[in-house]
1. Show me the ranking of peptides 238-245, 196-203, 492-499, 104-111 by mean Cβ neighbours inside 10 Å, starting with the highest.
2. For an R0 of 25 angstrom, estimate the FRET efficiency from the Cβ-Cβ distance between Arg485 and Asn162 and round to the nearest 0.05.
3. Note down the net charge around Leu35, summing +1 for each Lys or Arg and -1 for each Asp or Glu among other residues with Cβ under 12 Å from its Cβ.
4. Quote the accessible area belonging to Arg295 in square angstrom, nearest 10, computed with a 1.4 Å probe and with ligands, DNA and RNA left uncounted.
5. What's the ranking of 435-447, 296-308 by average number of surrounding C-beta atoms within 10 Å, highest first?
6. How many nm is it between the label spots at Glu63 and Glu475, if each spot is 7 Å from the Cα in line with the beta carbon?
7. Highest mean first, what order results for 128-135, 207-214 on Cβ atoms within 10 Å?
8. Compute log10 of I(q)/I(0) for the range 37-94 with the Debye formula, placing one identical point scatterer on every Cα and leaving out solvent, at q = 0.30 Å⁻¹, to two decimals.
Amino acid sequence: MHAKRIGMKRLMLTVMAVGLLMACGGGSTDTMQRLQQAEDVVEEHPDSAAGLLSQVVTTGMTEEETALYGLLWTMAEYKKANYSINDSLISRSIDYYDRHGDKWHRASAYYYRGGVMYAKELIPEAIQDLKRAETLAETLDDELLRNKIYELLAYCNYKNNNHPLILKYSQKLLDSSRKMNDSVMVARSYTMVATGFANMEEMDSARVYVLKSLDWIDPLDSEIQSEMLCNVAIMFQETGDAEKAEQYLTDWVLKHANGKGYITLARIRQKQGRYGEAVSCAEKSLECVDHKTYRRSLELLAELYSQMGDSSQAYAMQRRSKEFADSLASALLWGVVLAVAVVAVGWWWHRRKVRRLSFRLDEDARRISELRTKIELLEKSGEQNGQEMARLKEELESRMERISGTLLVGTQMYSQLQQRQCIAEATAKEQQCLVDYFAQLRPKRWQEWERKYSGLSTAQYIFLIMQDDLHFDDETIAAALNVKRTSVRSMRSRIKGRER
């Protein structure tokens, strides 16, 4: 009788739930329609998308609707150049898409959170998100998304002063822009590639790309045009062709080239022995907001005053240059300290989260055993405590479902490894599910590792699974983790250091 009452109760709850869903179905449909309308226009008309999103009633949205809303809202605000936006909404979207979403939504969510991080000067976090977006976008038929990712990764590495990666992503951006037949982006890409080569002191290659960029200059806006013409002038000035350089340094270029044109003209006048004019041009170049150009202007002024015999002014310029360099070095030092602190906190949080996941699984298994014992005792004693029996069975089902979910994810992850697929994008929870599943699958090997090693991380256990259980070579392990082979050897060394 009691079992029948429980069955009827569940049936009534199911009917009520279906009724509520049917009653709310119109609202949910309307919400998804508005979101889809916003998604259709957000790329080209972010203001219109923002207007549609403002009409969405956010209370009572499903998890899928909340994720899409967060992505579209962030896209719209980012495209409207509102870079001070909070990243909590897009982070929730990423959390959902990591579990349920398709690759396009995942890649887009990571890209836009990377853009928000870049705008906030959180460059390590931006690069981490953009690299995830890049890995996903490489497998998609969306050249525009790849194009945007490459461009922002180039800018991030410019901020990090990483010249090889600036060049790498500028070249990828150029190839992508050619495929899209986007003349504006092709022109910008040529300039970025030239800058990348110049930063690496490969001047011959830089000059080739600077000249190629001129073939694409017509459709560009005035600011980019002046920058490109100034770069050509710099190139000719450095090769000693002052006459050719001055042809490109028109009044319009000098005015719009953000100080770089004036320092180029100052060097030309210096070689011509016209020191007074050179000083005047160099002083105008101090208006440049670019730190590198500003410091070069100070150094050039010190050099010019020294050549003119004005030792006091030369010393003053040298002192200003040193003070400016010291202030930049101090800012960089604090930036490094902050980045290290962020990484340390992130590592601690990851370890804490993984340990909690593992502990919860162990606790679930222990509690399931206790619940089964209690239920058996109640059934044997014949006590008619229906509510207590129902509560125990409900808790038992819940914990068994949670364990089965964990093992299901672990099974899927292990299957991906067997098929030699990359698991670099797996979340901490998915990685721990893989480890928990393996502990059940190979208990003897797991116990052997437990005896042999002390305090291994989840990533290190996954490494051992690939090395000792699946017998992958270093190249296959590197591909699965999306790391270099040197990183594989480094991880093996760290694991060996954990031997008891």
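The values are calculated or read from the model by the stated rules, or taken from the named source; none is laboratory data. Here the structure is a predicted model, which means the values were calculated and not measured. Here Cβ is always computed from backbone atoms with ideal geometry, including for glycine, and neighbour counts include all displayed protein chains. What goes into the accessible areas is simple: the full protein's heavy atoms, side chains included, and nothing from ligands, DNA or RNA. Shrake-Rupley method; radii C 1.70, N 1.55, O 1.52, S 1.80 Å.
1. Values: 238-245: 14.0, 196-203: 17.0, 492-499: 12.1, 104-111: 24.5.
Order by mean packing, descending: 104-111, 196-203, 238-245, 492-499.
2. Details: r = 21 Å, r/R0 = 0.82.
In this case the efficiency is close to 0.75.
3. Details: positive: Arg34; negative: Asp30, Glu39, Asp40, Glu64, Glu65.
Taking every Cβ under 12 Å from that of Leu35, the sum is -4.
4. My reading of the accessible area for Arg295 is about 100 Å².
5. 296-308, 435-447
6. 4.0
7. Values: 128-135: 22.0, 207-214: 19.0.
The most tightly packed comes first, giving 128-135, 207-214.
8. -1.31
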